Amino acid sequence: MNNIEKRIEFWEELWEDLIKNFLKKSFGLNLYSPNILIDDIITEIEENGFKNKDNRNFFYKKISDYLENDEVINNELKSEFNLLRKSFDQTRKNYVLALCYQIRKNFDKGVYFNRTLEMVENLLLLDEEIDLDFVNRLNYYSQGLITEFVKKSYVLEDIKKFLKNIFKGYREINGNLFTDFPHPYEIDNFTDDNGNLQREEYEKNVKEFIDNLSIKEKIWSLKTYYDKNQELVRYIFYIKGIKGDIDRSILGVHFYNVEKRKLSTNETRRHHYEDLQEFMGLDKKYLQVAVEVEMISPKSSLSKAISKVENAINVLSCYLIFKTKISINDSNYVIINNQGRIIYSSFKREDSDSIFEYRNSLDFSEVELTLDLIQENEFLWKEENDTISKLRNALRWRHKAEESTREEDKLLNYWICLENLFNSSKDLNIDIFKDKNRTKFSLIQEIISSHQAFNTVYKYGWEMHKHFESYIHPLQVKPIIPEDLRKRAQLRGEVGQKIYLEKFIKELPELKKYESNLLMQEKIDSLIDFYKDSTVTKTVINENIQQTKDDLLMIYRLRNLIVHNAHYNNALLEYYVWRIRLYAGYLLRKFISKYNENEVGDFDEYIFEIFIAKEKLLLDLDKGNINLFEQ
């Protein structure tokens, strides 16, 4: 394998790892970009009048960051971003808005994507060995490209496969061609005079097209996904709880009886049947619905189709009485194009089917240790006081969030869960901030980020421990890591064995010898420094505190936009739902644990304890005499 092939292989692995680990602060993907920043500033001005000082400060900081660190912004949009930073003031909001619209035109033309992909091409086609500069630059550029795809409404599950689709090419099995390569051919265009499909001719053209591509052309095939035009299609679902013989459109959704009418024209294979209930064994069938949406890819546009159906059901439920729960099965659906041809189908046995429902049920016998720990919190159902009431309310809203299907509902419910933990009769802002004008949000931001400081101490090391455990497989003939080192580092320990992070960190210099990925080698060095050098520790913790505050600022901003029914860019909504889910869960479990320890107390006491612990940690790090493993 030559240097260019190694670089491309590394890019494929990096691309998948970034997306797979996108929630891990130390390894994963940063889902924010200059393009999203400009959209956020526009929304902030149009929906909120540019009034929020915290949001303005965040946006200003991001503008400065991109001017300082982003190569594309410096090469293509430096003057525009400098003008934006220079004029970034509430009194000039109309000028800022006009400038942002001018900048957005460049993003809409694909300037940022194309220039970033060009730099990736230059890196990949350089016939040199992989070094750290290559790794770090490719890492940054790849994150930019991935975020541009997210902005285009692709889901991460689709984006993750793009490079594999391109560089895997095609395969032939029993004379049949299989490929996910984004080639320009449509099988419908290969027909004889009688309208019969000419599959052999189609496959011949596809193979010749892929085989004749240069490496450079394959790299630029990624742009095919970016430039793809959305196609007007109809998603078809069935809805439990609604039956009848009607065939009509209601509120933009077509309801019909599949036994009386079909909307598709090409039922050639059983799994493509439009009748989504064929194998359910029902004497009578529920109504099916067809909803028209602009599709960029089946999975990426699925939520948009579901949302349109749900909107119609919401209106109907205001005027009609439903005797059973209405549910849409989003695992079983087909997509038909304007010609009525089925172009995609998804079929999965319902989780509500008795067999699957039982199989997927939580087995309590496998979590008895956890149940024992939960049992220690019996005060939650035995005692009655104001603190217990708040904890129960927080638990209820968190559970509602877990059960919600829409991302907007999840975010709102997780936020209510958090607010229940900060319902205090006292004004804590003077004590925490020395400023009585600070809001409850400021307090939430400060305490969650303080609590996350301690999570950083542990998660930073445990994420690396998990990474090395992935190298240990029971059936490996030739283990990557020697047995004695594996035992010293406590990788894949015996069942019931207590794992000590300190022992793993001690062996990291030796473990590094068995890590071939340069990006991971750099992460290992950073991790060693984090646990060894208190100056580095404090820097990383402060960065994590600020990142958590920034996350919460964007979450709260989204919360306000959702509540006020304002327009907003939901490209990153799923990411921020994941973040608030973690933050709410961590803090709720912390408060429950504190009550259990003290058997008394209120939330104010826990809030002060978390804040004081963080302040003490940072002071101890200044002195340099702290053992992180004792925290």
Within region 554-608, the residues that are part of a loop (DSSP other than H, G, I, E, B) and farther than 22 Å from residue 143 by Cβ are 564, 565, 566, 567, 568, 599, 600, 601, 602
inquiry  = Looking for something closer than 22 Å to residue 17 by Cα, among the basic types (Lys, Arg) and modelled with pLDDT of 90 or more - is there at least one such residue anywhere in region 505-518?
reply    = yes
Across region 124-162, the tally of residues that are charged (D, E, K, R) and surrounded by 21 or more Cβ atoms within 10 Å (Cβ to Cβ) stands at 1
Pairs returned, first residue in region 246-261 that is touching a residue at least 24 places away in the same chain (Cβ under 8 Å), second residue that is open to solvent by 80 Å² or more (accessible area, probe 1.4 Å), beta-carbon separation under 6 angstrom, 6 or more apart or interchain, are 257/245
Those residues of region 230-253 which are of a type outside the set (Ser, Thr, Tyr), buried (at least 20 other Cβ atoms within 10 Å of the Cβ) and closer than 19 Å to residue 317 by Cα amount to 237, 253
Among 79, 33, 87, the single one that is small (Gly, Ala, Ser) and under 26 Å from residue 577 (Cβ atoms) is 33
Subset of region 273-299, residues part of a loop (DSSP other than H, G, I, E, B) and open to solvent by 40 Å² or more (accessible area, probe 1.4 Å), comes to 273, 278, 279, 280, 281, 282, 283, 284, 286, 299
Of the residues in region 82-91, those that are over 15 Å from residue 57 (Cα atoms) and either in contact (Cβ under 8 Å) with a residue 60 or more places away in the chain or among the hydrophobic types (A, V, I, L, M, F, W, C) (or both) come to 83
Notebook entry, point to check: Is it fair to say residue 619 is open to solvent by 50 Å² or more (accessible area, probe 1.4 Å), farther than 30 Å from residue 139 by Cα, assigned to a helix (DSSP H, G or I) and among the hydrophobic types (A, V, I, L, M, F, W, C)?
Noted result: yes
Notebook entry, point to check: Of the residues that make up region 163-174, is at least one surrounded by 18 or more Cβ atoms within 10 Å (Cβ to Cβ) and of a type in the set (Phe, Trp, Tyr)?
Noted result: no
Exercise. Condition test on residue 449, is it without any contact (Cβ under 8 Å) to a residue 24 or more places away in the chain and either under 22 Å from the mean Cα position of the chain (by Cα) or over 20 Å from residue 387 (Cβ atoms) (or both)?
Worked result: no
Note: among 302, 316, 222, just one is open to solvent by less than 60 Å² (accessible area, probe 1.4 Å), under 17 Å from residue 332 (Cβ atoms) and modelled with pLDDT of 90 or more, namely 302
> Does residue 487 fit the bill of being among the basic types (Lys, Arg), more than 20 Å from residue 18 (Cβ to Cβ) and part of a loop (DSSP other than H, G, I, E, B)?
Replying inline: no
Restricting region 495-510 to residues that are closer than 12 Å to residue 468 by Cα and under 30 Å from the mean Cα position of the chain (by Cα), the one most open to solvent (accessible area, probe 1.4 Å) turns out to be 505
Note: among 186, 148, just one is in contact (Cβ under 8 Å) with a residue 24 or more places away in the chain, among the acidic types (Asp, Glu) and out of contact with any strand residue (DSSP E or B) (no Cβ under 8 Å at 6 or more places or on another chain), namely 148
Taking region 396-444 and keeping only residues that are closer than 17 Å to residue 610 by Cβ and of a type outside the set (A, V, I, L, M, F, W, C), one is left with 419, 420, 423, 424, 426, 429, 431, 438, 440, 442
Reported set for region 527-578 where residues are open to solvent by 30 Å² or more (accessible area, probe 1.4 Å), touching a residue at least 60 places away in the same chain (Cβ under 8 Å) and under 17 Å from residue 454 (Cα atoms) is 531, 535, 538, 540, 542, 546, 547, 549
Among residues of region 607-616 being within 24 Å of residue 462 (Cβ to Cβ) and in contact with a Ser or Thr (Cβ under 9 Å, 6 or more places away or on another chain), the residue surrounded by the fewest Cβ atoms within 10 Å (Cβ to Cβ) is 613
Filtering region 327-351 down to residues that are in a loop (DSSP other than H, G, I, E, B), surrounded by 11 or more Cβ atoms within 10 Å (Cβ to Cβ), at negative phi and more than 28 Å from the chain's Cα centre (by Cα) yields 337, 341
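The values are calculated or read from the model by the stated rules, or taken from the named source; none is laboratory data. Predicted model only: the values in this text are computed from it and were never measured. Counting neighbours? That spans all protein chains shown, and the Cβs are built from the backbone with ideal geometry, glycine included. These area figures cover heavy atoms from the full protein model, side chains too; ligands, DNA and RNA do not enter into them. Shrake-Rupley method; radii C 1.70, N 1.55, O 1.52, S 1.80 Å.
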